[in-house]
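What follows is a short report on a single structure.
A short reminder: the numbers here are calculations on the coordinates, not readings from a lab. All values reported here derive from a predicted model rather than from experimental measurement. Note that each Cβ is placed from the backbone with ideal geometry, even for glycine, and that neighbours are counted across all protein chains shown.
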Amino acid sequence: MARSIYVASPEGDTGKSTVALGLVDLLARTVQRVGVFRPVARSTQARDYVLELLLEHDGVGLSYDECIGTTYEQVHDDPEEALSQIVARFHAVERRCDAVVIVGTDYTDVTSPTELAFNARIAANLGAPVVLVINGARRRPDEIEQVAEVAVNELALNHAHVAAIVPNRCAQPALDVVRRLLQTSLNRPTWALPESPLLSAPTMRQLMEAVDGTLISGDPQLLGREVLDMLVGAMEIEHLLGRLSDGAVIMTPGDRSDILLGLLLAHQADGFPTLAGIILNGGFRPSKTISRLVEGLGSRLPLIATDLGTFRTASTVASTRGRLSADSQRKVDTALSLFERHVDGPGLLAALDVAKPDVVTPLMFEYTLLEPRRSDRKRIVLPEGNDDRI
């Protein structure tokens, strides 16, 4: 099989991490030592949650720092030097592994029309076939095909070889249509994954950070709970109760103690949905008396306070997209289950069992020449200055 596999996408929010995690899990059941590599890290300030997710897999035994190639800042400053550093750091990982899953960029930096081309150059210089992940959310099959065709052509122009295509986040009824359409028109093995509301759902912790909020009551461990629905609680409590659903977060002004208490009681009552949390907006906090009453209820439901107004709170919450990360085992299990159900593992491995692309880039040629000499160091004794041979 291919010694390295490059997971790339032509845009953000494709759910590429689901495919990368599925590949790591598949390879871990096939070879002894699986590696992961992130050519361009999201930031030097915060740790890359995609890389941390993959490193948590039992089949991977590498440290975080050795799996990073470079950063967006270095790519902007000097793309050629950044590419050389990526190649060198990748080969250091490759030597320790039987197979390496390489995860391309996420388009989280300032968007550049050349970002896919840079991913293609990385894949070509690493000699890695590409698994192309396409975003199928809210797209018709023909639109998915158009995006995939443009991406395949762009990758080919930069000497990268697309071995398989995985349209992700597709509408469930269209899975077979999308798979057959792309496989026929682009002549590549194709597997389609459906949209999963859970995988795209943010957690309460993400929403708290997004609205710059503070946990004022409840169990901090429940901040990892996924939010599957959102409601603005501005109506009377009797009308609001009828609209609650499992996993919902309710946003309401902090001075609406009637809604707050009604929601806490409904959350604990039999026959009512289990909520994800409550966000109190407007900069108001419950009074001392109400706070004592909330404390007396002993509810573990996260209660978050923010200074943002109702509109900005609701807009921020609605625009916060969830992510697949190591701190949500439920999401990890869902992602692995989706991949296993909809991707033919042996078929994908067969598609990746190709000879390395026959393109030899200057960096690949340089590495081929220098690496054997680096590993075969010799001691050279030079004659002294007063030797007869001088």
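Farthest toward the dipole's positive end in segment 37-142, which of 69, 45, 57, given Cβ charges of +1 (Lys, Arg) and -1 (Asp, Glu) about the Cα centre?
57
Over the Cα atoms of segment 204-319, each weighted equally, I'd like the Debye log10 I(q)/I(0) at q = 0.15, 0.17, 0.22 Å⁻¹, rounded to two decimals.
-0.56, -0.73, -1.35
Which of the peptides 340-350, 243-253 is most tightly packed, and how do the rest follow, judged by the mean count of other Cβ atoms within 10 Å per residue?
The peptides rank, most packed first, as 243-253, 340-350.
How are the Cα pair distances of the chain distributed, in percent, across 20 Å bins from 0?
The calculated distribution, bin by bin, is 25, 46, 23, 5, 1, 0.
Let's test the formula: R0 of 30 Å, r as the Cβ-Cβ distance of residue 185 and residue 340. What FRET efficiency results, to the nearest 0.05?
0.70
Based on DSSP, what percent of beta bridges with both residues in the chain are antiparallel, to the nearest 5?
Bridges in the chain are about 10 percent antiparallel.
For the chain, take the longest principal axis of its alpha carbons; what is the angle in degrees between that and the long axis of helix 362-375, to the nearest 10 within 0 to 90?
Roughly 70 degrees, rounded to the nearest 10.
May I ask you to derive the relative contact order of the chain, considering only C-alpha pairs under 8 Å and at least 6 residues apart, and to give it as an integer percent?
So the answer I get is 18 percent.
Do the sum for the chain: with -39,500 (n - 2.57) for every DSSP H run of n ≥ 4, divided by all residues, what is the mean residue ellipticity at 222 nm, to the nearest 500 deg cm²/dmol?
-12500 deg cm²/dmol
What is the Cα coordinate range of segment 9-79 on the first, second and third principal axes, sorted by size from largest, in whole angstrom?
40, 26, 20
Could you give the size of the charge dipole of the chain about its Cα centre, using +1 on the Cβ of each K and R and -1 on the Cβ of each D and E, expressed in debye and rounded to the nearest 20?
That gives the chain a dipole magnitude of about 500 debye.
Starting at the first residue of segment 262-267, write each ³J(HN,Hα) from the Karplus equation 6.51 cos²θ - 1.76 cosθ + 1.60 with θ = phi - 60°, in whole Hz, x for Gly and Pro.
These are the phi-based 3J(HN,Hα) values: x, 5, 4, 5, 5, 4 Hz.
Would you list 336, 51 from fewest to most Cβ contacts within 10 Å?
Arranged by neighbour count, lowest to highest, 336, 51 become 336, 51.
May I ask you to derive the relative contact order of segment 204-319, considering only C-alpha pairs under 8 Å and at least 6 residues apart, and to give it as an integer percent?
35 percent.
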